[in-house]
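So the structure is just underneath, and the comments pick up after that.
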Amino acid sequence: MHTRHDDPGTATTRLRADHDLILRALAVLERFGRCLERGEPVDRGALERLSDFFTTFVDRCHHGKEEQHLFPALVRHGLPRDGGPVGVMLLEHEEGRGLLRAMRQQEDRKTAVAIRQYARLLRAHIDKENGILFPLAEHIIPGEEHQLLIRAFDALEEALVGSDIRERLVTELTRLEGDCERRIH
C-alpha cells in the first residue's frame, strides 16, 4: 500500500498533492513553450509525453476526481452546480480541454501560444481551488465523507492510470526536468 494511504487526511489534501505534481509538470511545459516561441528545436517525444500527462493525469484523472466526486459532494451540501465556484471550475476544465487539443498542433507558434494560455489558465485555476474551493469543501463536507471521497479518488485513479501512477509520473518529471536543465545550460 502507498504511504499516502497511511495518513489520508482530507479529500482536498489529496487533490492539493495532485496540484503539486501538476505545477511541477507545468514548469517543464512552459520551458518547452518558451523554446518553441524562440524557434528553438524541442524533443517532440518529450513534449508528447508531457502532453499525455496533462491529458491523462490532469484532465481525465484529477479533473475526473473533482467532476465525478468532489463537485457532486459540494452540490449535495448546498453549493449550486451552475454558477458559483463549482460552475467556474467546470467551465475552466472545458477551456483547458480545448487548449490541450490546441497544444497538439504541429505548428510551433500555435503550440507555444496554447501552452502559454493553458499554463496561465491552470495556474489561476489551481490558485482558486486551493484558496477558495478546497477551504469551502473542508468546511461544508463532513470528515467521514472526506474518507469516502478519498476511496472514490483512489478507485478512479486505479481504474484510469494504475496504482503506481504517482511514482511513474515523478520519475518521468524528474527525467524531463533534467533534460530541460541540460538544454538550458
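Observations, loosely collected:
- Just one of the numbered conditions (1) touching a residue at least 60 places away in the same chain (Cβ under 8 Å); (2) charged (D, E, K, R); (3) under 14 Å from PHE153 (Cβ atoms) is not true of ARG24: (3).
- Yes/no for ASP43 being touching a Phe, Trp or Tyr at 6+ places or on another chain (Cβ under 9 Å) and more than 30 Å from ILE140 (Cα to Cα): yes
- Residues of region 45-63 satisfying the condition of being farther than 21 Å from VAL86 by Cα and either of a type in the set (D, E, K, R) or modelled with pLDDT of 95 or more (or both): GLU48, ARG49, ASP52
- If the condition is being charged (D, E, K, R) and in a loop (DSSP other than H, G, I, E, B), then region 33-75 contributes ARG38, GLU40, ASP43.
- Flag for VAL42 being modelled with pLDDT under 90, crowded, with 18+ Cβ neighbours inside 10 Å and of a type outside the set (Asp, Glu): yes
- Verdict on GLU66 being modelled with pLDDT of 95 or more, surrounded by 17 or more Cβ atoms within 10 Å (Cβ to Cβ) and closer than 20 Å to GLY143 by Cα: yes
- Within region 132-164, being without any contact (Cβ under 8 Å) to a residue 24 or more places away in the chain and under 17 Å from VAL58 (Cα atoms) holds for ALA155, GLU158, ALA159, GLY162, ASP164.
The values are calculated or read from the model by the stated rules, or taken from the named source; none is laboratory data. What you are looking at is a predicted structure, and each value in this text was computed from that prediction instead of being measured. Positions of Cβ are generated from backbone atoms using ideal geometry, with glycine treated the same way; all protein chains shown enter the neighbour counts.
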